[in-house]
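FYI, it's all coordinate maths here, none of it is from the lab. For clarity, every value in this text was computed on a predicted model and none was experimentally measured. In this analysis, Cβ positions are derived from the backbone assuming ideal geometry, glycine residues included, and neighbour counts consider all displayed protein chains.
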Amino acid sequence: MGGEDFAYYTERIPGCFVVLGVGNESLGATYGVHHPRFKADENALPIGSALHAKFAIDAL
């Protein structure tokens, strides 16, 4: 069975879940991450990189 364990991790360690680059209809990026037709919008990568850096800095 497939599943997401993230909820269990955040019971002990604070965290956040970001869904980024999965809602661009013009690129066909409309399926969820566990769907066989999943496609990410790679134009969102710079935003995702900035978010990860900000999360890391805030955590320090």
Val18: in contact with a strand residue (DSSP E or B) (Cβ under 9 Å, 6 or more places away or on another chain), surrounded by 10 or more Cβ atoms within 10 Å (Cβ to Cβ) and among the β-branched types (Val, Ile, Thr), yes or no?
-> no
If we scan segment 13-22, do we find a residue that is under 16 Å from the mean Cα position of the chain (by Cα) and at positive phi?
-> yes
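Check whether at least one residue in segment 40-51 is touching a Gly at 6+ places or on another chain (Cβ under 6 Å), in a loop (DSSP other than H, G, I, E, B) and touching a residue at least 12 places away in the same chain (Cβ under 8 Å), and report yes or no.
yes
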Those residues of segment 29-49 which are over 13 Å from the mean Cα position of the chain (by Cα), exposed (fewer than 12 other Cβ atoms within 10 Å of the Cβ) and closer than 24 Å to Glu4 by Cα, in sequence order | His35, Pro36, Arg37
